[in-house]
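Read through the structure below, which is laid out as structure tokens, and then see the notes.
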Amino acid sequence: MDDTTHCLWYRSPAAEWTDALPLGNGRLGAMVFGGVTRDEFALNEDTLWSGGPYQPANPDAPRHLDAVRQRLFAGDYAGAQTLANQTLMGRPYLQTSYQPAGRLLLDCNHATLFSNYRRSLDLASAIATTRYSVAGTDFVRESFISAADGVLVIALTADQPAAISVGVDFVFEQPGMTALHPDGLGYIGRNRAENGIAARLNWAFRAKVLHIGGALAAKDGRILVSQADAVTILIDIATSYRRFDDVTGDPEALINDRLARASAKSLSALRADHVAAHKALYDRFEIDLGRTSNAALPTDERIAAFAEGNDPDMAALYVRYGRYLAIASSRPGTQPANLQGIWNKEIRPPWGSKYTTNINLQMNYWLADAANLADCFEPLIGLVEDLAVTGAEMARIHYGARGWVLHHNTDLWRATGPIDGAQWGLWPTGGAWLCAQLWDHARFAGFPDALVERLYPLLAGAARFCLDILVPLPGSDLLVTAPSVSPENVHPHGATLCFGPAMDSQILRDLFAATRAAAQRLNRDAALVSEIDAARARLPADRIGKQGQLQEWMEDWDADVPEIHHRHVSHLYALYPSLQIAPHTTPELAEAARRTLDIRGDDATGWGIGWRINLWARLGDGNRAFSVVRRLIHPERSYRNLFDAHPPFQIDGNFGGAAGILEMLVQSDEAGITLLPALPDAWPSGRIRGLRARGGISVNLEWAEGRVTAYDIEGAVPYRGTVSFGPGREMRIPVGA
Ligand code: FUC
């Protein structure tokens, strides 16, 4: 039996898309089904979206803002929401969606009776393998998407000569036309229009079929290879997208260039270069939580057995898979991971498979820094750089404000307007949250000058917008956001629309602190810093309500909300991902956050589970956090390919869940590092290598019988924080004083 430490593996082919195994180089994505007589590769390219450049700002909006605010301050929340729906939404008030390219089908011409079947995905090499035997011949299909060469490679081999006869077809999902090439298939097409947003992208697909022995024929729109010893198929897809406002790229030239280079290399060179590019990221980190006999089971059986069984390595595999998915869906130069990473089979995917920014996109990047994949974070910075441009126009036209704004969604075209309906979309702090997250990324990196310099204009722009839209709360000295929402939660006055939800003030505290710190590091914008200082002092503080809970709104409405177990826990932003609330710094607020979590309950949709694991970890309750991990690694929340079920599939829970498992083992803030802050009884011994902590630090750690047995902490500069152990933070050791 192979070593399965880094493997997802199965005893039968994928019956559904969520059984298939994902490959990706950040840009190109494939889901591998591993069929025997018919195999399928469902294909994506990360810039293949519907629509084209557009700006949804609504020039009529500014003159209605005050009327909506007045209704809110008068307590007419439902009336304010109705008026906001009529006057304050973007035009159009929907966005575009991420699209599938098509499906590559391989029809293998051999007998149907097979044995010795196994399909697997090796996370350490990023290679998917399908093996089986038919009539005494062993067949192996290996596939990978190379970050080094930019293409999908499918290699078909057999242990007998002349055994491979295969038909190759491409079933496209976008309008266009097929072209047969002497050595493969081609396709040139156009994307789709959506929600009144015109289609402006060209795209192209090409499969180049190389064979050793046998013969190749191009016929009836498909390629037929007969009696070959081995077949290698190289595939590429590209679009004309260059930037949110530029669609003048030449997809065919891009493809032809990459395929020409790739086909000039041997299969073994392609494979070796692919593995090296993957390992450069994957091998930086290791986690071992101990192995039991369950570790030898196929992955689907392990998922089914996890909640009731003893399989600590499955939680470690969940982290390895989260890292794998980050590397496969988000690399420098690619689009950030969307709601489904880069894997989507539907023309109308759930929520457009776009970027939802009231939790989901942020959660996609909770794992990267701690898991030593700072490179995978890069596309998120690129996205915010674009949003700071499109969002500046939105701020000016839609609010008459300085700076830039993003509401609760964006897409390939970097639209920033309020969409879907005021109940969901009229939330002006999506961009501010992303900026707070970028600053935390800089904190992990130890604030390198170039990064601070790069982030500063983004932070300053987001801060300027927020300064301009904060309004005095009548009858007080406080400044609040209005209109806003506490994401998606209906309050007892029949609306989500409100003023000053706790989450907004928490996000603004982080944004303002970050902008101030960056300005001071760069010695810039003293005037902006004083504006920030004046406003920050007037933001409402977190409040504790009559149930002892952390209040979600300015008023103590929490006990009377229609959906008491709502999946969003927006006001716990301060506990995680923010560092504002912690048991050792703000014990009363931490206790109130614990009470809120208890009332809200641990059962939630995929990402809601991911968030709760991190929250319980921050509260130092390892066994409670582990009980939520058991809800996550369970057939209700994890498909057979370990994709997170919202349901349907949404990748945020994969990243949030994996981040949560690490948060149980190591936590850090600007003052120090805590080892085993929330270790559950289920993981008494283990080992981690290459975890990153805030301050530009690398942590190695070993523990046994629930106690740290060895650790080392390294940084580019000597570490100057403290190191503490366990949930009570006993034995604080100051280091490098
Ligand atoms: C938020 C969530 C939904 C879903 C969507 C993509 O709006 O409330 O549950 O995850 O994003």
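Evaluate the stretch 648-661: report whether one residue or more is within 24 Å of the chain's Cα centre (by Cα), more than 21 Å from residue 622 (Cα to Cα) and assigned to a helix (DSSP H, G or I).
Narrowing the stretch 648-661 to residues within 24 Å of the chain's Cα centre (by Cα): 648-661.
Checking the rest, the ones that are also more than 21 Å from residue 622 (Cα to Cα) come to 648-652.
Narrowing the set further to residues that are assigned to a helix (DSSP H, G or I) leaves 652.
Looking through the stretch 648-661, at least one residue is within 24 Å of the chain's Cα centre (by Cα), more than 21 Å from residue 622 (Cα to Cα) and assigned to a helix (DSSP H, G or I).
May I ask you to list the residues in the stretch 412-424 that are farther than 23 Å from residue 460 by Cα and either within 13 Å of the ligand (Cβ to nearest atom) or in a loop (DSSP other than H, G, I, E, B) (or both)?
First, pick out the residues of the stretch 412-424 that are farther than 23 Å from residue 460 by Cα: 412, 419-424.
Result: 412, 419, 420, 421, 423, 424.
Kindly provide the set of residues from the stretch 556-578 that are assigned to a loop (DSSP other than H, G, I, E, B) and either without any contact (Cβ under 8 Å) to a residue 60 or more places away in the chain or within 26 Å of the chain's Cα centre (by Cα) (or both), ordered by number. Walk me through how you get there before you give the answer.
Of all residues in the stretch 556-578, those assigned to a loop (DSSP other than H, G, I, E, B) come to 556-557, 561-569, 575-578.
556, 564, 565, 566, 567, 568, 569, 575, 576, 577, 578, listed by residue number.
Condition check ((1) more than 37 Å from the chain's Cα centre (by Cα); (2) at negative phi) across all residues:
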position: 151; (1), (2): no, yes
position: 154; (1), (2): no, yes
position: 159; (1), (2): yes, yes
position: 162; (1), (2): yes, no
position: 217; (1), (2): yes, yes
position: 233; (1), (2): no, yes
position: 237; (1), (2): no, yes
position: 249; (1), (2): no, yes
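Take the stretch 344-380 and flag every residue that is within 16 Å of the ligand (Cβ to nearest atom), charged (D, E, K, R) and open to solvent by 30 Å² or more (accessible area, probe 1.4 Å).
Within the stretch 344-380, the subset within 16 Å of the ligand (Cβ to nearest atom) is 344, 346, 348-366.
From the residues that got through so far, the ones that are charged (D, E, K, R) too are 346, 348, 354.
Passing the criteria: 346, 348.
Taking the condition without any contact (Cβ under 8 Å) to a residue 40 or more places away in the chain, on the phi < 0 side of the Ramachandran plot and buried (at least 22 other Cβ atoms within 10 Å of the Cβ), does residue 137 pass? Give the steps one after another, and end with the answer.
On the way: without any contact (Cβ under 8 Å) to a residue 40 or more places away in the chain: yes; on the phi < 0 side of the Ramachandran plot: yes; buried (at least 22 other Cβ atoms within 10 Å of the Cβ): no.
No.
From the set of residues in the stretch 200-246 that are of a type in the set (Asp, Glu) and part of a strand (DSSP E or B), which is surrounded by the most Cβ atoms within 10 Å (Cβ to Cβ)? Don't jump to the end; show me each part of the working.
Within the stretch 200-246, the first condition is being of a type in the set (Asp, Glu), and the residues that meet it are 220, 229, 236, 245-246.
Among the residues that remain, those that are also part of a strand (DSSP E or B) are: 236, 246.
Numbers: 236: 26, 246: 10.
Taking the candidates together, the pick is 236.
With the checklist (1) out of contact with any strand residue (DSSP E or B) (no Cβ under 6 Å at 6 or more places or on another chain); (2) farther than 30 Å from residue 18 by Cβ in hand, flag the one item residue 680 doesn't pass.
Exception for residue 680: condition (2).
Just checking, which of 280, 264, 260, 315 is of a type in the set (Gly, Ala, Ser), open to solvent by 30 Å² or more (accessible area, probe 1.4 Å) and under 29 Å from the mean Cα position of the chain (by Cα)?
Values: 264 fails: under 29 Å from the mean Cα position of the chain (by Cα); 260 fails: under 29 Å from the mean Cα position of the chain (by Cα); 315 fails: open to solvent by 30 Å² or more (accessible area, probe 1.4 Å).
Selected residue: 280, the only one of 280, 264, 260, 315 that is of a type in the set (Gly, Ala, Ser), open to solvent by 30 Å² or more (accessible area, probe 1.4 Å) and under 29 Å from the mean Cα position of the chain (by Cα).
Restricting the first residue to the stretch 483-509 and requiring it to be in contact (Cβ under 8 Å) with a residue 60 or more places away in the chain, which pairs with a second residue that is part of a strand (DSSP E or B) meet a Cβ separation below 6 Å and a spacing of at least six or different chains?
Cβ pairs passing all conditions: 499/480; 501/484; 504/484.
Report every pair of residues separated by at least 6 positions or lying on different chains whose Cβ atoms are under 7 Å apart, first residue within the stretch 674-700 and free of Cβ contacts under 8 Å to residues at least 24 places away in the same chain, second open to solvent by 10 Å² or more (accessible area, probe 1.4 Å).
Note: pairs meeting the criteria are 700/689; 700/711; 700/712.
Using the structure shown, decide if residue 294 is modelled with pLDDT of 95 or more, open to solvent by 10 Å² or more (accessible area, probe 1.4 Å) and under 30 Å from residue 347 (Cβ atoms). Give the derivation first.
Working: modelled with pLDDT of 95 or more: yes; open to solvent by 10 Å² or more (accessible area, probe 1.4 Å): yes; under 30 Å from residue 347 (Cβ atoms): no.
Here the answer is no, as residue 294 does not meet what is asked.
Would you confirm whether or not the stretch 675-683 contains a residue that is buried (at least 18 other Cβ atoms within 10 Å of the Cβ), touching an Asp or Glu at 6+ places or on another chain (Cβ under 7 Å) and at negative phi? Walk me through how you get there before you give the answer.
Kept after step one, since they are buried (at least 18 other Cβ atoms within 10 Å of the Cβ), are these residues of the stretch 675-683: 675-680, 683.
Within this subset, residues satisfying the condition of being touching an Asp or Glu at 6+ places or on another chain (Cβ under 7 Å) are 678.
Retained after the next criterion (residues that are at negative phi): 678.
The answer is yes, given that some residue of the stretch 675-683 is buried (at least 18 other Cβ atoms within 10 Å of the Cβ), touching an Asp or Glu at 6+ places or on another chain (Cβ under 7 Å) and at negative phi.
Out of all the residues in the stretch 586-636, which are of a type in the set (Val, Ile, Thr) and within 20 Å of residue 314 (Cα to Cα)? First the steps, then the outcome.
From the stretch 586-636, those of a type in the set (Val, Ile, Thr) are 586, 596, 599, 605, 609, 613, 628-629, 633; that's our starting set.
609, 613, 628, 629, 633, listed by residue number.
State the number of residues belonging to the stretch 479-531 that are of a type in the set (Val, Ile, Thr) and touching a Phe, Trp or Tyr at 6+ places or on another chain (Cβ under 6 Å). Can you show your working first?
Going through the stretch 479-531, the residues of a type in the set (Val, Ile, Thr) turn out to be 480-481, 485, 490, 496, 507, 515, 529.
Pick out the ones that are also touching a Phe, Trp or Tyr at 6+ places or on another chain (Cβ under 6 Å) and you get 480, 485, 507.
Final tally of qualifying residues: 3.
Pairs under 6 Å by beta carbon, first residue open to solvent by 30 Å² or more (accessible area, probe 1.4 Å) in the stretch 597-608, partner near the ligand (Cβ under 9 Å from one of its atoms), six or more apart or different chains?
Listed by first residue and then by second, the contacts come to 605/567; 605/646.
The values are calculated or read from the model by the stated rules, or taken from the named source; none is laboratory data. The shown structure was predicted, so the numbers you read here are calculated from the model rather than taken from an experiment. Cβ atoms come from the backbone with ideal geometry, glycine included; neighbour counts cover every protein chain shown. To get the accessible areas, we keep the full protein, side chains included, count just its heavy atoms, and leave off ligands, DNA and RNA. Shrake-Rupley method; radii C 1.70, N 1.55, O 1.52, S 1.80 Å.
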